[in-house]
Structure formats: C-alpha cells, structure tokens
1. Give me 34, 89 ranked fewest to most by other Cβ atoms within 10 Å of their Cβ, as a rough exposure proxy.
2. Which peptide among 6-17, 37-48 comes first, and what is the full order, when sorted by highest mean count of other Cβ atoms within 10 Å?
3. How much length would be gained if the chain were fully extended between residue 20 and residue 70, taking 0.36 nm per residue of separation minus their Cα-Cα distance, in nm to one decimal?
4. At residue 51 and residue 13, where each label point lies 7 Å from the Cα along Cα→Cβ, what is the point-to-point distance in nanometres?
5. Extending each Cα 7 Å along its Cβ direction at residue 2 and residue 30, get the distance between those two points in nm, one decimal.
6. Neighbour counts of other C-beta atoms within 10 Å: give me 3, 21 arranged from fewest to most.
C-alpha cells in the first residue's frame, strides 16, 4: 500500500526551526540543502511505513526513525496517510517532545 505523507503543523515548525538554526550558524544555502534532504527523506516514509522504532508507550501509533545521525523523525499512520508528527534536531529528548506534542497537535 502506498500512503500519502502529510506534515503536521508542529513538524513544519520544526523544519523551519532547523533551517533557521543552521542558517544562523552557517549559511542559508547549506541550511536549505539540509532542509530539503530532511523533507525528501520524510516523503520516502510512505514506501517503508514500518521502519524505525515504535514509541507506542509514549504516543499511540508513533514510530521514530533517525536521519543522518542528527535528526529524529516521528510519524504515525492514519488510514492511508502517514503524518510526520515531529522533526527533532540534535540531542533533543524525543520522549519529552512527543509527550508535549500530544497537547494541541495539529
């Protein structure tokens, strides 16, 4: 089955935050290239939807997969849609951020 990938508002904000952080530390072209690699990787989750590690104990139906050793991507399947829940950069506490995302996620 092929799923449609949708980014939650929170994951969109995460991507913008990552772009802003890297742009401030380096330059906008490098930040944009990294942003695009993360986005493109997220779009491939629909082909292998059971990849990553289940975080069912933290948030129902959520799986987390790593990207380039610096990013954790949380997603869940909802019908025929895969929702990218969070895109967390660096050494963020994944469990803490997923629990916080349960309130007002959209």
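Computed from the coordinates by the stated procedures, all read-outs in this text should not be read as laboratory data. What you see is a predicted model; the values in this text were computed from it and never measured. Every residue, glycine as well, gets a Cβ built from its backbone with ideal geometry; the counts of neighbours run over all protein chains shown.
1. Working: 34 21, 89 18.
The order, fewest Cβ neighbours first, is 89, 34.
2. 6-17, 37-48
3. 16.4 nm
4. So the label points at residue 51 and residue 13 sit 2.7 nm apart.
5. Going from the residue 2 label point to the residue 30 one covers 3.7 nm.
6. Numbers: 3 17, 21 14.
The most exposed by this proxy come first: 21, 3.
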